[in-house]
Amino acid sequence: MATYTYKEIERTLLACGFVEQKNNNGSHQLFLDEKTGFVQPLPKHSNGMIAPGTAESILCYAILVARLKNINICNDRYKLSKNVIDYIKKQHAKIKQNSIFLIPSAIRTQHNIASFNDAKVFMRDILKRCKLNIPKKLQQIEYCR
């Protein structure tokens, strides 16, 4: 597993449109995506490092928000680190095999998303709620729950 720094993950969240919230002087900084309403805490420890599992979980949320907002976060203008870009590419390959992996596992568990169609319904609902453009392939999804 790769190691990640606070700055690398912070830069990724900012590239996706998250906004840093007022610091609460704790060990975590909060980031909010105003469009989707997602709040993402980011650990800010004195050594500047983030545990790989924690960082990759946060990156999954960043990938979801970037996809919802149609942002290419691997674009050179964001100047993301090689570790972050490599993880994003690995996740995109996994998503191509099964689109359900676009939705982070915590959200899949919380919303009982078990199938590809459940994932599409969830995505469409978020896009509607956020008043974002809904791709044609998601417009025709029927609720099956």
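The values are calculated or read from the model by the stated rules, or taken from the named source; none is laboratory data. Note that the structure is a prediction, hence the values are computed from the model and not measured. With ideal geometry, Cβ positions are generated from the backbone for all residues, glycine too; neighbour counts draw on all protein chains shown.
Name the single residue that is surrounded by the fewest Cβ atoms within 10 Å (Cβ to Cβ) among those in region 75-133 being over 24 Å from I9 (Cα atoms) and basic (K, R). Checked region 75-133; the qualifying residue surrounded by the fewest Cβ atoms within 10 Å (Cβ to Cβ) is K131.
Looking at T109, T36, T3, T54, can you tell me which residue is closer than 19 Å to K128 by Cα and hydroxyl-bearing (S, T, Y)?
On the way: T109 fails: closer than 19 Å to K128 by Cα; T3 fails: closer than 19 Å to K128 by Cα; T54 fails: closer than 19 Å to K128 by Cα.
None of the others qualify; the one that does is T36.
Of the helices (runs of 4 or more DSSP H) lying entirely inside region 1-111, those carrying at least 1 residues that are of a type outside the set (A, V, I, L, M), assigned by TED's automatic domain parsing to the domain that holds K131 and touching a residue at least 12 places away in the same chain (Cβ under 8 Å) are 105-110. Screening I63 against (1) surrounded by fewer than 13 Cβ atoms within 10 Å (Cβ to Cβ); (2) at pLDDT 90 or above leaves a single unmet condition, (1).
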